[in-house]
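Written below as structure tokens is the structure these notes are about.
The values are calculated or read from the model by the stated rules, or taken from the named source; none is laboratory data. As the structure is a prediction and not an experimental result, all values here were calculated from the model. Here the Cβ is made from the backbone with ideal geometry for all residues, glycine too, and neighbour counts use every protein chain on show.
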Amino acid sequence: MQHNITPKKGCILVSKPLIDDGFFEQSIVYLTAHDSEGSLGFALNKKSSMIVQDFLDGFPGREPIYYGGPVEQDALFYLHSFENIPGALHVGNKLYLGGDFEIFKTHCIHHNLEEGAILKPKFFLGYSGWSEGQLVEELEHNTWLLVDSPNVHDPLSLSTNAWREYMKNKGGKYAIWANSPSDPMLN
């Protein structure tokens, strides 16, 4: 195995170019779980045209919804930095997944998301999932770059252009990939 780190919750997966998968092409996925039963995460840079307020009346601001992955795309998930939400799962890097929604909503209103007083939560339709051993196999086949310890702000504040920005910052052959078209046959 080429990687000197192994996947774990809190890692970021960056797709290699041309992985030949419609959903994961140019994806950055935050891994929220990895154990003997499989792996789970959320694509951070696949923004939809929907906002949370399309689904939830009374939620503050105009928060965008992202496509978290191809699994359960009819379910809404949320990743946030509130450590005291009952039922929220710690998923690394001072980030939490889910929890009591009414308390979460109250925290969002109290911390005024509009003024940027806190890291804005991210909302996802669906998630990315891998069965037992599947992600490790994909890493061995160089489908993903694995970032072990991202900055705590990165997962919640990544832009939709994050994949290209990451490749440019990595330099070398990665910078070339950043400038390649999604479909090289269109070049």
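The single condition among (1) surrounded by fewer than 17 Cβ atoms within 10 Å (Cβ to Cβ); (2) in contact with a Cys (Cβ under 7 Å, 6 or more places away or on another chain); (3) closer than 26 Å to residue 131 by Cα that residue 60 does not meet is (3).
Scanning segment 26-42 for residues that are within 14 Å of residue 159 (Cα to Cα) and in contact with a helix residue (DSSP H, G or I) (Cβ under 8 Å, 6 or more places away or on another chain) yields 26, 27, 28, 30.
The one condition from (1) crowded, with 19+ Cβ neighbours inside 10 Å; (2) closer than 22 Å to residue 47 by Cα that residue 76 does not meet is (1). Based on this model, can you work out whether residue 123 counts as surrounded by 13 or more Cβ atoms within 10 Å (Cβ to Cβ), at negative phi and under 17 Å from the mean Cα position of the chain (by Cα)? In short, yes. Of the residues examined, residue 161 is one that is within 19 Å of residue 12 (Cα to Cα), of a type outside the set (A, V, I, L, M, F, W, C) and at pLDDT 80 or above.
Residues are listed down the side, and each one gets a yes or a no for (1) part of a strand (DSSP E or B); (2) modelled with pLDDT under 90; (3) touching a Phe, Trp or Tyr at 6+ places or on another chain (Cβ under 6 Å):
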{"position": "6", "(1), (2), (3)": "no, yes, no"}
{"position": "18", "(1), (2), (3)": "no, yes, no"}
{"position": "29", "(1), (2), (3)": "yes, no, no"}
{"position": "65", "(1), (2), (3)": "yes, no, yes"}
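Taking the criterion of being under 15 Å from the mean Cα position of the chain (by Cα) and either among the hydroxyl-bearing types (Ser, Thr, Tyr) or part of a strand (DSSP E or B) (or both), the residues of segment 45-63 that qualify are 47, 48.
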